[in-house]
1. Kindly evaluate residue A:119 against the criterion of being within 14 Å of chain C (Cβ to nearest Cβ), away from ligand 4 (no atom under 16 Å from the Cβ), buried (at least 18 other Cβ atoms within 10 Å of the Cβ) and not in a loop (DSSP other than H, G, I, E, B).
2. So the check is Cβ under 6 Å with 6+ separation or different chains; which pairs have a first residue in the range C:144-164 that's hydrophobic (A, V, I, L, M, F, W, C) and a second one that's at pLDDT below 95 and more than 16 Å from ligand 1 (Cβ to nearest atom)?
3. Within the range C:33-56, take every residue that is within 13 Å of ligand 4 (Cβ to nearest atom) and at the interface with chain B (Cβ under 7 Å from one of its Cβ atoms) and give me the one that is nearest to residue B:38 (Cα to Cα).
4. So which of B:755, B:693 ends up being assigned to a loop (DSSP other than H, G, I, E, B) and within 14 Å of chain A (Cβ to nearest Cβ)?
5. Please list, ordered by residue number, the strands (runs of 3 or more DSSP E) wholly in the range A:30-77 having 2 or more residues that are within 16 Å of ligand 4 (Cβ to nearest atom), basic (Lys, Arg) and under 30 Å from residue A:130 (Cβ atoms).
6. Out of all the residues in the range B:285-305, is one or more outside the structural domain of residue B:520 (by TED's automatic domain parsing), of a type in the set (Lys, Arg) and not in a strand (DSSP E or B)?
7. Tell me which residues, restricted to the range B:729-754, are acidic (Asp, Glu) and either buried (at least 23 other Cβ atoms within 10 Å of the Cβ) or free of Cβ contacts under 8 Å to residues at least 24 places away in the same chain (or both).
8. Has the range B:716-724 got at least one residue that is free of Cβ contacts under 8 Å to residues at least 40 places away in the same chain and within 13 Å of another protein chain (Cβ to nearest Cβ)?
Amino acid sequence: MSSRPSFYITRLENWVDLPSSLGTLGAQILAGGTDLVPNLTWELASPTMLVDVMGISELREITIDAEGRWVIGAAVTLSDILHHPVLGAHYPMLVAAVHAVATPEIRAQATLGGNLCVDTRCRFRNQPPIWRSGLDPCFKSDGNRCYAAPKSRECVAILSSDTAPVLIALGAEVAVGGPELRWVEVEALYSGDGHDHLTLGPQEFVRAVRLPRVSPAGVFRKWRDRATMDFPEVDVAVAATLDEGVPRDIRIVVSAVGPAPVRISAAEVLLDSSPWTDAQLERASVMAREAVHPYDNGQLGVIGRQLAVRSLVLDALTALRAALMETGGEQNDLGGRDSREKGQPR
Amino acid sequence: MSKMHEVEAKPTALLDTMPRIDAWDKVTGQALYADDVRWPHMAYGFLIRSPYAHARVVKVDIEAVRGLPGVLAVLCGPGSVAAYGIMPSTQDEHALAAKKVCYLGEPVVAIAAETLHQAEAAASKVVVEYEVLRPVLHPGVPKSHTALVHPEHPTGNLFKAVDLEFGDMAGGFLDAWTREDRFFYQGNNHVAMEPHAVLAYWRPDGKIEVSSSTQAPHYVQRELARALDVPDYRIRVVAPVIGGGFGGKSEAFPHEVAAVLLSRECGRPVKITLSREEVFYTHRGRHPVSMRVRTAIGPAGRIRAMEFDTELDGGAYGSYGIASTYYTGALQPTTYQIPAYHFHGERWYTTKPPCGPKRGHGTTQPRALLEIHLDRMARALRMDPIALRRQNLTPPHSVTVNQLEITTSGLAECLDAVEARSGWRERRGQLEPDRGLGVACSSYLSGAGLPIYWNPLPHSGVRLAVNRDGGVQVFCGLTDIGQGAQTILVMLTAQALGIDSQRVRVYTADTGMTPVDLGSYSSRVTMMAGNATLQAAERMAALLLHVAAERMGVAEVDVLRKGEDFLVPMADRITPWDDVVKWAEEMQGPLSTVGGYTPPPALGRYKGSGVGPSPAYSFSACVADITVNTRDGRVTVHHLWVAHDLGTPLNRSMVEGQIRGGVVMGLGEVLMEAQAFNPDGRHRGPHLLGYRIPTILDVPEIDIVLVGEPEPRGPLGAKEVGQGPLNPVIPAVINAISDAVGIDLTETPITPDRILRALHKQERGRAQ
Amino acid sequence: MAGTLLQLTVNGHPQTVWIQDKTTLLEVLRDGLGFTGTKNGCAVGQCGTCTVWIDGVSRLSCITLARTVEGRTVTTVEGLADWWRERHPEDVYHPLQSAFVAEGAVQCGFCTPGMTMAGAALLQEIPHPDREEIREALGGHLCRCTGYEQIIRAVAAVGDRGKEDVR
Ligand SMILES: Cc1cc2nc3c(=O)[nH]c(=O)nc-3n(C[C@H](O)[C@H](O)[C@H](O)COP(=O)(O)OP(=O)(O)OC[C@H]3O[C@@H](n4cnc5c(N)ncnc54)[C@H](O)[C@@H]3O)c2cc1C
Ligand code: SF4
Ligand code: FES
Ligand code: FES
């Protein structure tokens, strides 16, 4: 047993009841619990009531809406997504990200909503109880300091959702349930403050994720220490759509380097307006590196993580260029003909 | 597909593929580990641990806790009567810290309650006030008195310095080409999958029963006796099924002492189970070591002389530290002939969890540097790394400069095997970009020649009994920590008595029931308990033969064995084993023999010569084939070839398992594992995401080759396999990285971020 | 403190236990019901030793709140043989258990319950898994003793059994 704080579990069958349950002081959603339960065991969370949403059938469905867009309920498990007969073929990048999350047992339990809302993590807080007992609380524990970034005035803990950067790159939207339903871009889900990292209101929750009708071409790269199980130290997702041979709607997302995924807009603009030569891709990757400022609160060293941002963005863009060239035929504006097979940073 | 090869048909024991005797219990969930056991009316213990790495304990107030629901006992103060410690010369531990805490996680208060929940709830009411001191994180002379870890220690934070010199150093270095290299080997933890647990009961009659996840019940018994000031015989320590040790369960720990004390206090059995976090604080794992080596090389690449300095970051207490320190200098000469050798070792106190033995005890770190050093030397000399090693191999049946007696050695064959199988000659230098091959050798003891505390007694004792049911019982103090020691005893007994292994039962790891065996450490069990078992079994075989001959009225030479039966061909008589056993009991009373093993005396007579000698040494070599991904910094290990000389393999599948386990552990050490600390003395991540060990997806193809000849001193020719194969993996991988991308790394672990940094540095260096 | 009764089926037998809502399934199995075959190697989802089946799916019991498996069916390593025998009366044990013994896939045995449950679940899903599928399925299970190879072989050996249906 652990000294997990006590709480009640309420199991709901209908999402209509969710907003009012969440309105209770100290209430929190329990989906798969693969993030929340370890945090409870380490006394990192102290809800008084957990609202179990796994019995709400509407949240567990994968459907196609009237406009032909796939809609994935928030409580659909990650392994349901992997096992879906057709979804994967349409959104290979999403499958890659889902597959990169944790381990098979965890994916059998974890949900997409839980993954998007997964609590931010930090090497100075996501530690077991004895470790933390001698430290004054930091911002994320309602204290007034940050160990990872002593000069920062807010928490810079890491969002380690692997699906978030991919869903942003895909241009997916989130249905936020609550007193009123609203649709927002996935990006808008994150506040940028590691302490209160979601923009959800007190009675709000993620109800579903809606994917674009046609998936852009995309590449996802996850950087971590081991081949499996580990959270990301850097995530990169890039996507673009070929419009008459010209890559459009370019999205370059770097994640797991701060409390919210970061879009590298400068690089997106750059590649929107010029051919994808090796030099341009290189430049875009440098922009990515300059746009993100990881702190030393991950598992791997901060300089290495910065270097990895550049390498991974370059690698992902190079792979994306190859993929686009394959689909786009000859008359495109990719300018990649001079490129080597793999973009080597050296 | 990963394979296991044997270079030539090797003599093997009869039952060499016998499955482990405990496997069925483990696959059905029947095996009981320490935390699985409940004793009637058992209470739960909980330790309040220091949240600071270094602090004075100003005040401990436990009064508020007495009388809380369920609370049965609360203890603070030093706890133990006398200081204790595994090495007789460094008794510096107490179960509960009284004046000072010297690492984060050091126990201060112990509580027993009806439930664990109540114990933990009570713990939150205890008030401990600390005066926080600056943590001491690095070896070296401290600048102020408050930075002394143990102010009363006569040499300050220097725990121990040792210095050994053999041969003509001045002559060796005179006019010679020399090279110097340095390396920092990071500390790491055993991460046995089973966290430690203990169940202790101070009985009303004053006898003390302890069931604990330990590799060395005998040492725990001894240390408890000292810590509690009770005679040894009143304490019985039993090791139940153990979920891995790797050196991490080799001495008495505070929680074991505390459980006994709590039980004395409340009159009930008390169980304490450590959380994974607590295991990282209890530690006593691999020392972080800063090392320097300088070698003088003669013509044709022959080593003329070598200096080797090591600086061990020992953590807060002594543990096995003296032995660990000597071990960082002891085994360099067992692989390579070093005519003149100077070793200087220092171990320092710091305010971190104490370090001690982990698989390869003290030899892993210097082995890494030595093998890296040889590679860099080969590069400078434009020699093939394998050729350079061949020039210097310590021959079989020789004595090293530091007076270690080498008997059989298959090191040359090890090198031949990995060279041939890896395609070294054809492939090295011809590989695609960023791919590399690296080689390394190693050797290890088959049991330490001397015990932890000096005594002339056998290192292993066996009592063997044959019952009238035809079954055989073997009693031996050894612990099966997962390596399969019990199975080996069954096999050896069955072999020596000529009977079916089903007849044999072993009773182990129980100081109240078995003769002493020092424990499962230093790869000593097969060698020592194996020889003791063989001796007892051979005595029993002789006794039964004698009885059979007498009852059948023939001379002993006329009795043959056929299967289990006793056969007298000339009289055409066959007597089954069961009948002979009954005859023997009828004539002699209950049947019992004993066996013992004492290693041959060590040759060295110098101070420190006790560390290093062994009845026999195993040898290994490894070639690693890797690619460095220069984009993301990941090292992909494609293939490892490992050759090991363990004399005769007794059980093929268990040998393979030991080698694979050791090799993968080595891979973890070189690529990811670090018992590292933040500047405030907090562990970087005392959990399995913060401290990462290889998953199944991190493991490459591993080919194993067994070489060597039977070792005359080993039971049926066997030597060690439990630790040796780990050591060469680390330098082989590092050497392969140098070969692949030309970066010479200077510390472990080699994580992707470190590779990226090193490549970045290299790139900048080139640009300039 | 929130205490209520929990009903579930463990290894074929209905059980009723008094739990708090914060209790995990691992705690119910080990401390409440005495199914100590299921191990606690980390308590927070990082090692795989606590793996059991919930309605036939391999899951980590340490990060599953017991309340959320109300009314469901749990199989632990102690019940694996029975579960198999119900479907294959000719066998006494699950073939993967026999294979673990025969292939030397067991050393200290602490990872073994989790490994066998995950391996057996894989064999249900993919009767003849290849090496990569086996490695993939066991990715969340740490073993410190074996280096994994003999475990892979054990699962593969069952998968190879005559390539006939092992369901
Ligand atoms: C060993 C281990 C490794 C892991 N590795 C990874 C990894 O590599 N990548 C990764 O992304 N994650 C990883 N995780 C974290 C976690 O498993 C996943 O993020 C998972 O997807 C979380 O989903 P869940 O349903 O279990 O969430 P829960 O734990 O149930 O919930 C997580 C958080 O989201 C909130 N929440 C859940 N659903 C909703 C909703 N619909 N609306 C609003 N809020 C909601 C909860 O209140 C809670 O705060 C790992 C976890 C472990 C234990
Ligand atoms: S980033 Fe700072 S505030 Fe946030 S959890 Fe880490 S230490 Fe605390
Ligand atoms: S105990 Fe559940 S995963 Fe480690
Ligand atoms: S057999 Fe020991 S952890 Fe796997």
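1. The answer is no for residue A:119.
2. C:145/B:482
3. Only one residue tops the list, namely C:41.
4. Going through B:755, B:693 in turn, just one is assigned to a loop (DSSP other than H, G, I, E, B) and within 14 Å of chain A (Cβ to nearest Cβ): B:693.
5. none
6. Yes, there is a match, as at least one residue in the range B:285-305 is outside the structural domain of residue B:520 (by TED's automatic domain parsing), of a type in the set (Lys, Arg) and not in a strand (DSSP E or B).
7. If the condition is that a residue be acidic (Asp, Glu) and either buried (at least 23 other Cβ atoms within 10 Å of the Cβ) or free of Cβ contacts under 8 Å to residues at least 24 places away in the same chain (or both), then B:739, B:753 are the ones that fit.
8. no
The values are calculated or read from the model by the stated rules, or taken from the named source; none is laboratory data. Being a predicted model, the structure only gives us computed values, none of them experimental. All Cβ positions, even for glycine, are placed from backbone atoms using ideal geometry, and neighbour counts span all protein chains on display.
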